[in-house]
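Enquirer: This is the structure I want to talk about, given as structure tokens.
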Amino acid sequence: MGATRELSLDHLELATGESDAELVRRLRAGDRAAFQDLYRRHVARVRAVLVRLLGPALLDDLTQEVFLRVWSSLTTLRDAEYLGTWIYRVTVNVATDALRRKQRWARWYSPEDPDTLAAPALPDTVARLDTQRLVAKALAALDFNHRAVLVLYEMEELPQAEIGEILGIAAGTVKSRLFHARRKVREFLAQEGIEL
């Protein structure tokens with residue numbers, strides 16, 4: 001936890017060897033098939049971030065919302081080399097909006113059970129499933145700002161500077177939130193009998 005990270009996945013290439021920048025150029029030239037390539041390249045990461053931030057309840061709807069926003073605001077992307085970073089920003093914005101909607105509705109209806117924020121189960125041992133459940137509960141116990149930083153850094157393996165760009169905060173704030181989020185997760189897991 002905390003080793004220097006390599007560059008993010010922004011410069012992944014499709015099987016054809018096409019970079020994100022080339023993909024954006026195709027999109028801006030009106031090539032609708034390029035959006036399918038963009039979707040295939042980024043959908044798994046978008047879904048992973050959304051499920052870790054908000055749980056699986058509305059995953060399909062929120063994923064669709066992310067890509068609708070990407071499609072409708074692609075012209076606002078200034079530097080095509082940062083497509084991946086920009087998509088992360090859109091994803092976090094969609095998650096933030098969904099959380100606000102959920103909080104507004106929670107005033108009128110009873111809040112969801114925190115167990116609904118559990119990560120998708122892997123076909124593994126019961127112990128691993130229990131650990132996943134506890135980690136998901138620990139993430140759910142964090143406020144959204146700390147959870148977003150922790151998910152983007154630890155699970156998506158993005159560098160702190162890029163997380164700052166995505167969330168619109170200073171690198172020092174990223175570092176501080178990451179420190180506090182890790183401490184809170186360790187405290188939560190220690191209460192559950194798991195020492196890190």
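The values are calculated or read from the model by the stated rules, or taken from the named source; none is laboratory data. What you see is a predicted model; the values in this text were computed from it and never measured. Note: ideal-geometry Cβ built from the backbone for every residue, glycine included; neighbour counts use all protein chains shown.
Enquirer: Could you list, in sequence order, all residues of region 26-39 that are touching a residue at least 24 places away in the same chain (Cβ under 8 Å) and under 25 Å from the mean Cα position of the chain (by Cα)?
Expert: Going through region 26-39, the residues touching a residue at least 24 places away in the same chain (Cβ under 8 Å) turn out to be 27-28, 35, 38-39.
Selection gives L27, F35, L38, Y39.
Enquirer: Here's a check for you: in region 74-89, which residue that is buried (at least 22 other Cβ atoms within 10 Å of the Cβ) and hydrophobic (A, V, I, L, M, F, W, C) is nearest to the chain's Cα centre (by Cα)?
Expert: Within region 74-89, the match that is nearest to the chain's Cα centre (by Cα) is I87.
Residue by residue, here is whether (1) polar (S, T, N, Q); (2) out of contact with any His (no Cβ under 9 Å at 6 or more places or on another chain) holds:
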residue: A21; (1), (2): no, no
residue: D31; (1), (2): no, yes
residue: V43; (1), (2): no, yes
residue: L54; (1), (2): no, yes
residue: F67; (1), (2): no, no
residue: W71; (1), (2): no, yes
residue: G84; (1), (2): no, no
residue: Q103; (1), (2): yes, yes
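Enquirer: Right, another one. Residues to consider are R89, R183, R101; find the one that is at pLDDT 75 or above and over 30 Å from L68 (Cα atoms). Full working, then the answer.
Expert: Working: R89 fails: over 30 Å from L68 (Cα atoms); R101 fails: over 30 Å from L68 (Cα atoms).
Criteria check complete, one pass: R183.
Enquirer: I need the helices (runs of 4 or more DSSP H) fully contained in region 16-87, keeping only those with at least 3 residues that are closer than 30 Å to R133 by Cα and in contact with a strand residue (DSSP E or B) (Cβ under 6 Å, 6 or more places away or on another chain). Show your work before the answer.
Expert: On the way: elements: 20-28, 33-54, 59-72.
Where helices (runs of 4 or more DSSP H) fall fully within region 16-87, none carries at least 3 residues being closer than 30 Å to R133 by Cα and in contact with a strand residue (DSSP E or B) (Cβ under 6 Å, 6 or more places away or on another chain).
Enquirer: Then there is this: State yes or no: is V185 aliphatic (A, V, I, L, M) and under 17 Å from the mean Cα position of the chain (by Cα)?
Expert: The answer is no for V185.
Enquirer: I would also like to ask the following. Return the total of residues in region 155-180 being among the charged types (D, E, K, R) and at pLDDT 90 or above.
Expert: If we filter region 155-180 for residues that are among the charged types (D, E, K, R), which is where we start, we get 156-157, 162, 165, 175, 177.
Subset that is at pLDDT 90 or above: 162, 165, 175, 177.
Summing the residues that are among the charged types (D, E, K, R) and at pLDDT 90 or above in region 155-180 gives 4.
Enquirer: Right, something else. Give just the number: which of (1) surrounded by fewer than 18 Cβ atoms within 10 Å (Cβ to Cβ); (2) under 28 Å from L68 (Cα atoms); (3) modelled with pLDDT of 80 or more does A136 not satisfy?
Expert: Single failed check for A136: (1).
Enquirer: If the requirement is being free of Cβ contacts under 8 Å to residues at least 40 places away in the same chain, closer than 20 Å to M155 by Cβ and either crowded, with 19+ Cβ neighbours inside 10 Å or of a type in the set (D, E) (or both), which of these qualifies: V66, V92? Steps first, please.
Expert: Working: V92 fails: free of Cβ contacts under 8 Å to residues at least 40 places away in the same chain.
Unique residue meeting the criteria: V66.
Enquirer: Across region 161-174, which residue is surrounded by the most Cβ atoms within 10 Å (Cβ to Cβ) among those that are part of a helix (DSSP H, G or I) and without any contact (Cβ under 8 Å) to a residue 40 or more places away in the chain? Steps first, please.
Expert: In the first step, residues of region 161-174 are kept if they are part of a helix (DSSP H, G or I); the result is 161-167, 171-174.
From the residues that got through so far, the ones that are without any contact (Cβ under 8 Å) to a residue 40 or more places away in the chain too are 161, 163-164, 171-174.
Details: A161: 13, I163: 28, G164: 18, A171: 14, G172: 10, T173: 16, V174: 24.
Here the answer is I163.
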